[in-house]
Amino acid sequence: MKQLAGFIKKEFIHIIRDPRTLFVLFGMPVIQVLLFGFVITNEIKDASIAILDHSKDQVTKQISSKILSSGYFKLDATLNSEKEIHQAFREGKIKEVIVFESNFATKLEKEGKSAVQIIGDASDPNTANILANYTEAIIKDYSSKISGSKQNVSIIMPEVRLLYNPEMKGSYMFVPGIIAMLLMIVSALLTSISITREKELGTMEVLLASPLNPLIVIIGKVTPYLLLSFIDACLIILIGNIVFDVPVVGNLFFLLSESMLFILMALSLGILISSVTKTQQSAMMISLLALMLPTILLSGFIFPIENMPLILQYLCKIMPPKYFITIVRSIMLKGNGFFDLWKETAVLAGMTLFFIALSIKKYKIRLE
């Protein structure tokens, strides 16, 4: 028993002395509980909406005020015509548009009914459905109150209209997200083990002694994976279109160009990981932990970013998949072009250049 107790004591001491083991034991559970607890929620707060008020009377102002004071919505734009609705959605800033018909209060008073339309962006069907339910409930609550006070006024029945995915197909949401997740993980994972494999096999010295400069070595490492990952991207888009019936409303060449940019970014990130790790195992661990969970949780792939605490929303802004998922959904479902998505494209291009520059710098350090 003494031997067993001594052995257990020795193991405890080993565990306590190893910071990495302690982090896996206590750090990761705490981080994941906090992360999942904050991220996984169906409640939406401060969703950006636009209002198109053809009537601009006292009743529409009261309904608008009630909606905006609920805490679920914030007014991002006031539209002047129906033509501005699609453009507002294409810019990607708003999740919903509320349209009041002309002479709203007058019709409510004289005819006993008035029309209000709730238009949602169903490229993200879960969010669109939740927001439409919130809005409907607020309008019906207002309607029931004024019906109770005035016998000649009937209940206002809002009409819900969903754009870009009127059938609320889940595949329209998941396929673009899966494209981003697979390209991110496959591309970064493959490249992250490329240099570490050389180190483990002992062929790193050959590369170090070769006359090739770091840029040539990195291009040589990245190019085969770039082409193979691009074929992967084409395959996923084809399967999404044929099997899951996800349309490509926008320009296919633009979609493939953006996919190529994202693959290049993921590959350069993988090269960076491989240049700072010593073994294939550690490179794979970093790639999976640092890329897979954030891609699923913090990219807007499944959970709306608007739901998250402010600090996580800032963290989301440095996640490359967030921008690529926006690009893919916008091109495939809304038909957006470069001028609608130039900001997201510029962010991805900037990240790519940053990771490539950092990879070259790290590689130079190792050469020295």
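The values are calculated or read from the model by the stated rules, or taken from the named source; none is laboratory data. Keep in mind that this is a model prediction, so the values were computed, not measured. Glycine also receives a Cβ, built like all others from the backbone with ideal geometry; neighbour counts cover every protein chain displayed. Side chains are part of the model used for accessible areas, which takes the heavy atoms of the whole protein and leaves out ligands, DNA and RNA. Shrake-Rupley method; radii C 1.70, N 1.55, O 1.52, S 1.80 Å.
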Query raised in the report: Does Ile179 satisfy being over 30 Å from Asp121 (Cα atoms), surrounded by 17 or more Cβ atoms within 10 Å (Cβ to Cβ) and modelled with pLDDT of 75 or more?
Result: no
**Report entry** Residue, nearest to Leu358 (Cα to Cα), within the stretch 230-273, restricted to residues that are of a type in the set (Val, Ile, Thr) and part of a loop (DSSP other than H, G, I, E, B)
**Finding:** Val248
Report task. Test Lys110 against the stated conditions and say whether it is touching a Leu at 6+ places or on another chain (Cβ under 6 Å) and either buried (at least 20 other Cβ atoms within 10 Å of the Cβ) or among the charged types (D, E, K, R) (or both). Result -> no
Report summary line: For the stretch 108-141, the count of residues that are under 28 Å from the mean Cα position of the chain (by Cα) and without any contact (Cβ under 8 Å) to a residue 60 or more places away in the chain equals 13
Requested in this report: Kindly check whether there is at least one residue in the stretch 359-366 that is among the aliphatic types (A, V, I, L, M), under 16 Å from Ser268 (Cα atoms) and modelled with pLDDT under 85.
Outcome: yes
Report summary line: Among residues of the stretch 23-49 being farther than 17 Å from Glu136 by Cβ and open to solvent by less than 30 Å² (accessible area, probe 1.4 Å), the residue modelled with the lowest pLDDT is Val39
Report summary line: Of the residues in the stretch 73-107 that are acidic (Asp, Glu) and not in a helix (DSSP H, G or I), the one that is surrounded by the fewest Cβ atoms within 10 Å (Cβ to Cβ) is Glu82
Query raised in the report: Which of the residues spanning the stretch 253-276 are open to solvent by less than 10 Å² (accessible area, probe 1.4 Å) and without any contact (Cβ under 8 Å) to a residue 12 or more places away in the chain?
Result: none
Query raised in the report: Within the bounds of the stretch 210-226, is there any residue that is at pLDDT below 70, loosely packed, with under 13 Cβ neighbours inside 10 Å and either part of a helix (DSSP H, G or I) or touching a strand residue (DSSP E or B) at 6+ places or on another chain (Cβ under 6 Å) (or both)?
Result: no
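Could you check the stretch 164-196 and list, in sequence order, the residues that are assigned to a loop (DSSP other than H, G, I, E, B) and not charged (D, E, K, R)? I'd like the intermediate steps shown before the answer.
Our first condition is that a residue be assigned to a loop (DSSP other than H, G, I, E, B); within the stretch 164-196, this holds for 164-169.
Answer for the stretch 164-196, where residues must be assigned to a loop (DSSP other than H, G, I, E, B) and not charged (D, E, K, R): Tyr164, Asn165, Pro166, Met168.
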Query raised in the report: Since Ser171 meets every condition but one in (1) under 24 Å from Ile305 (Cβ atoms); (2) out of contact with any helix residue (DSSP H, G or I) (no Cβ under 7 Å at 6 or more places or on another chain); (3) open to solvent by less than 10 Å² (accessible area, probe 1.4 Å), which condition does it not meet?
Result: (3)
